[in-house]
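The values are calculated or read from the model by the stated rules, or taken from the named source; none is laboratory data. As the structure is a computational prediction, the values presented were derived from the model and not from experiment. Note: ideal-geometry Cβ built from the backbone for every residue, glycine included; neighbour counts use all protein chains shown. Ligands, DNA and RNA are excluded from the accessible area calculation, which covers all protein heavy atoms including side chains. Shrake-Rupley method; radii C 1.70, N 1.55, O 1.52, S 1.80 Å.
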Amino acid sequence: MKNIGIIGCGNILETYMRAEEYFNNLNFVACADINLDATKKTAEQYNIIPLSVDEILNDKNIDIILNLTIPQAHYEISKLALDSNKHVYCEKPMSVKYSDAKNLLNLASKNNLYLGNAPDTFLGGGGQLARKIVDNNDIGQILTGNFVFAFPGVQDFHPNPESWFQEGGGPVIDMGPYFFTTLVNLLGPAKSVTGRGMKFFENREYKAGPKKGKMFSVDIPTSYMLNIEFHNKAMIQGFISFDVLNHKRNHMELYGTNGSIVVPDPNMFGGPVSISGELGSEWRDISVEDKPLGKTNIINHSGRSNEAPKQANYRGIGLAEMIDSMENNRKHRCNSELALHVLDLIECTMLSSSKMEDIQLRTTCLKPEPLGDDSVKKLLKVDTQK
Ligand SMILES: NC(=O)c1ccc[n+]([C@@H]2O[C@H](COP(=O)([O-])OP(=O)(O)OC[C@H]3O[C@@H](n4cnc5c(N)ncnc54)[C@H](O)[C@@H]3O)[C@@H](O)[C@H]2O)c1
């Protein structure tokens, strides 16, 4: 059993702690944070050892660092962990800068260490069923498509929303990883991107927490429209925005030569997947409730447009699958070539917007291997169907 030490004891930690109850190879033993209170509280709540960042990095008992710090600290913490000869699994994005993420990839391969990255949502029931439909050629060759993530921004509920509106934040870095990873899983690597971003207001109002009613400054664009060309020639249009109150669009639609598919929320694990065939044919919803990582397990309505009140959330499968890959000497699905390519697409989208030109991506990657139900079941501690 590999021992995992967590750095970053914030909001998302609870979700990983829940993953320990689902997956049979997750063993969280210690935690650390620059905020000592957060470290202490987390350690007490989950009965793990509180350590300083230095101590956790030097603890010989710990094999893997789970990096749950804020995006702006991902590089620093992942680098320290790799330098300390620990394997790393990091939340999305891999880093806020492509060049730093590339250093991490090189460092991991030089030191012969596994480096994995969220998102792992594409390994869910919905993402994998969509992949099967595309791979089976059920809707033919995908030529075009679109996706949307749009909501008003985190200032409505988050007491400290500033980092989302400063360098290293923004809608493409925050939500791009889910949509871009899902697209690469379905279509393969991207070739080029044209993006256009806009900052509509210089300031925003805190709507929650102790600073409610005060204003904070917006330093970066808050809405992006983009066109991505993939190596397989598919052309996909995207809209990612912190400037929309309500909308009624599907998360992602892809159009093929024999039909069309509505891909479920790339931020979640469930379904249904919706498909239609020839011109004018009915849409057919295919449920993934019978899949081990597709069954609804949370009820949590954020109020955002097109976000279902019931969701399937099995975050942690990417880490469990990485550990299984380490033990079986295999490439992991949430690997750093995939995450670097996704970060390349994120950075090129923003670069294209500031330069007002089409940008060719610097990287490519392989489509991750599909993850079958039987492989998932081997990693499960519980029957998610019960
Ligand atoms: N909150 C979510 O719903 C959610 C969902 C999916 C992914 N994520 C990702 O998870 C990561 C963490 O998000 P969060 O919402 O938990 O953030 P958070 O701000 O609630 O927690 C981050 C924690 O990291 C600590 N930290 C920051 N810099 C550090 C450093 N240099 N060394 C040690 N500790 C440090 C902070 O003190 C804080 O406790 C982000 O990458 C985010 O993109 C979050």
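Entry comment: accessible area of the range 4-117 is 45 Å² per residue, from protein heavy atoms only and a probe of 1.4 Å.
Per residue, how much accessible surface does the range 181-284 expose to a 1.4 Å probe? Answer in Å², no decimals. Heavy-atom accessible area per residue stands at 50 Å². Projecting the Cα atoms of PHE151, VAL134, TRP164 onto the charge dipole of the range 108-177, computed from C-beta unit charges around the Cα centre, puts VAL134 farthest toward the positive end. Across the chain, C-alpha contacts under 8 Å between residues 6 or more apart give a mean separation that, scaled by the residue count, equals a relative contact order of 20 percent.
Rg to Rh for the range 10-75: what is it, with Cα atoms only and Rh by Kirkwood? Reported Rg/Rh, Kirkwood definition of Rh: 0.93.
For the listed residue pairs LYS291/LYS377; LYS310/LYS386; LYS248/LYS310; LYS233/LYS367; LYS132/LYS291; LYS110/LYS367, the alpha carbons are over 19 angstrom apart in LYS110/LYS367.
Taking packing as the residue-averaged number of other Cβ atoms within 10 angstrom, the listed peptides 232-242, 33-43, 278-288 run from highest to lowest as 232-242, 33-43, 278-288.
Here GLN237 and ASP290 are evaluated by their C-beta separation; at R0 = 25 Å the FRET efficiency comes out at 0.15. Summarising the amide proton neighbourhood of GLY170: residues at separation of 5 or more, or on other chains, whose placed amide H is nearer than 5 Å comprise PHE165.
With the simple model of a label 7 Å out from the Cα in the direction of the Cβ, ASN137 to GLN385 spans 3.1 nm.
Packing-based ranking of 269-275, 140-146 yields 269-275, 140-146, ordered from highest to lowest mean Cβ neighbour count within 10 Å. Whole-Hz Karplus values for the range 333-343 come out as 6, 7, 8, 6, 5, 5, 5, 5, 5, 5, 5 Hz, taken residue by residue from phi with 6.51 cos²θ - 1.76 cosθ + 1.60 and θ = phi - 60°; glycine and proline positions read x. Of the peptides 59-72, 190-203, 118-131, the ranking by mean beta-carbon count within 10 Å, highest at the top, reads 118-131, 59-72, 190-203. What you get for the chain, charging only the Cβ of Lys and Arg (+1) and of Asp and Glu (-1), is a dipole of about 120 debye around the Cα centre.
Cross-link pairs exceeding 22 Å between alpha carbons, from the set LYS331/LYS378; LYS102/LYS331; LYS2/LYS41: LYS2/LYS41. Return the carbon/sulfur percentage of the accessible area of the chain, one whole number, probe 1.4 Å, all protein chains in place. The value for the chain is 50 percent carbon and sulfur by accessible area. A Cβ-based charge dipole, computed about the Cα centre of the range 42-82 with Lys and Arg at +1 and Asp and Glu at -1, lands at about 120 debye.
DSSP beta bridges confined to the chain are antiparallel in about 60 percent of cases. 3J(HN,Hα) along the range 234-240, derived from phi through the Karplus expression 6.51 cos²θ - 1.76 cosθ + 1.60 where θ = phi - 60°, amounts to 5, 10, 10, 9, x, 9, 10 Hz, with x in place of Gly and Pro. Please quote Rg/Rh for the range 305-373 to two decimal places, taking the Kirkwood radius as Rh and restricting both calculations to Cα atoms. With Rg and the Kirkwood Rh in hand, the quotient comes to 1.11. Taking the convex hull of the alpha carbon positions in the range 130-198 and averaging its projected area over all directions gives 6.3 nm². Within the range 72-165, the proportion of Cα pairs with more than 22 Å between them is 54 percent. Under 5 Å from the amide H of SER274 lie the amide H atoms of VAL262, ILE286, each residue being 5 or more positions distant or on a separate chain, with H modelled from the backbone and absent for Pro and chain starts. Counting every C-alpha pair in the range 4-117, the share spaced more than 25 angstrom apart comes to 15%.
Diffusion of the chain by Stokes-Einstein, at 10 °C in a medium of 1.306 mPa s and with Rh set to the Kirkwood radius over alpha-carbon pairs, works out to 75 µm²/s. Evaluating 6.51 cos²θ - 1.76 cosθ + 1.60 at θ = phi - 60° for every residue in the range 155-163, the Karplus couplings come out as 4, 5, 10, 8, x, 10, x, 3, 5 Hz, glycine and proline recorded as x.
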